[in-house]
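The values are calculated or read from the model by the stated rules, or taken from the named source; none is laboratory data. What you see is a predicted model, and the numbers here were worked out from it, not measured in a lab. Cβ placement follows ideal geometry from the backbone for every residue including glycine, while neighbour counts extend to all protein chains displayed.
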Amino acid sequence: MSLLKKLNLWQEAGLINQQTAASIVQFEQLNIENKEKSTPFYLWAIGGVGAFSIIVGIISVVAANWLQISKEVKLGADFLLCTILALAVYNTNAQKANNNDHTKFWLHEVLVLLYYGLILASMALIGQTYQLGGSIAHLLLVWTLVTLPLVLLSRGKFIAILWGIASAITYLMNIIELEQVFNIPESIIITLFTLWPLFFIYLSRIPWLTKHRAIFAHEISRLSWLVIIVFGFFCQFLWYESVNIDTSVYITIGIFTFISLMLFPKLYSSATKNEILAMRVVLASIYLLTLSANWHNSSFELIGALSNLLYLSILAWAALKIGSITLFNVMTALISLRILIIYFEVFGSMLETGLGLIIMGVLTLSLAWLWLKKSSKLAAKLTTKQAINSTGNTSRDNVS
């Protein structure tokens, strides 16, 4: 009997309450995550490379002997291999459910990864054997949808990240396919390209995923936010070019941005108020800064550089709000590096002289020293103040 069914029975019998059941589920999810963390990263890397090598090797052998091997042998061998792998995945899945040995967990994840890749190779083999035609985009779309139940058997981060990247590539390739086949207006294509990280955030917040596949949902959400943040950084370089994006694109993206800002407390129900605030400020800032960089007919490099600094400062503030000192240190380092690059952009001609090189060296060392000496202290001070404020708010709530 599954854990959730047992918890439901215990709640109906009055043995535990809903809060205790939620705590048990959270503990089990953390236990699964800890089992994954107990396996060294290099072991995951070796497993991934090994699985990839096997898939590529099979494809190479078949391709090298394509004309000599009959289609019955090719398809029969492929079916046999898929069957063996399916049974192995089923067997290891049943074993890891009743065993805390992390080696069983690692073996199961590698077999899922191997089967995941073999299905794509099998689909390509069938299409080539029977000359079915079709595009790579359609092949990836069918593969992504068909293998989703298999991917959800996995409980680790590695396959979740791999599936997220593969699904994003599939989405973007099929958008290009739609443009070529149906001659969709460019404004719609740009909108669909821009909004895909938000779509993946919505996907990662599906209640079933967050409840039963917490690690999978977390990694897809984190990957989507990483894309959004990187996208926001590069959008500030629109100041360096003369661009003219259709107004309808910004209106549509603005509507989705506003909807997302309103839905964040529901989508991330377990997040703190500070985390929700950080997400809202970052997403809104990206939209507003990108919007402001659109309507101009000439290059404004200095404004673009200052906008870049403002954006990085917002990210540093958000890092403090979510309590990530590491991310705050990374942002402060990027701010220092960006200031140095601004110096190159504004005073580039001075670099040809010795005076320019001296100033550049002094500025570089000064920024490095300031970051090394002040960033950690500032982060610790601000996070301590934030924790005190949060404690005070909690106490006032309890009193009231």
Answer residue from the range 147-169, given it is outside any helix (DSSP H, G or I) and aliphatic (A, V, I, L, M) and is nearest to residue 107 (Cα to Cα) among those: 153
Restricting attention to the range 149-162, which residues are touching a helix residue (DSSP H, G or I) at 6+ places or on another chain (Cβ under 9 Å) and without any contact (Cβ under 8 Å) to a residue 12 or more places away in the chain? none
Among the listed residues 271, 305, 316, 284, identify the single one that is among the hydrophobic types (A, V, I, L, M, F, W, C) and outside any helix (DSSP H, G or I). 271
Could you please let me know if residue 195 is closer than 29 Å to residue 288 by Cβ and free of Cβ contacts under 8 Å to residues at least 40 places away in the same chain? no
Can you report the number of residues in the range 153-162 which are among the aliphatic types (A, V, I, L, M) and farther than 21 Å from residue 225 by Cα? 1
Filter the range 287-302 for residues that are outside any helix (DSSP H, G or I) and surrounded by fewer than 20 Cβ atoms within 10 Å (Cβ to Cβ) and give the result. 294, 295, 296, 297, 298, 299, 300
Might you let me know whether the range 205-224 holds any residue that is modelled with pLDDT of 90 or more, surrounded by 16 or more Cβ atoms within 10 Å (Cβ to Cβ), over 23 Å from residue 167 (Cα atoms) and among the hydrophobic types (A, V, I, L, M, F, W, C)? no
Helices (runs of 4 or more DSSP H) contained in the range 15-129 and holding at least 3 residues of a type outside the set (Gly, Ala, Ser), closer than 14 Å to residue 156 by Cα and modelled with pLDDT of 70 or more: 102-129
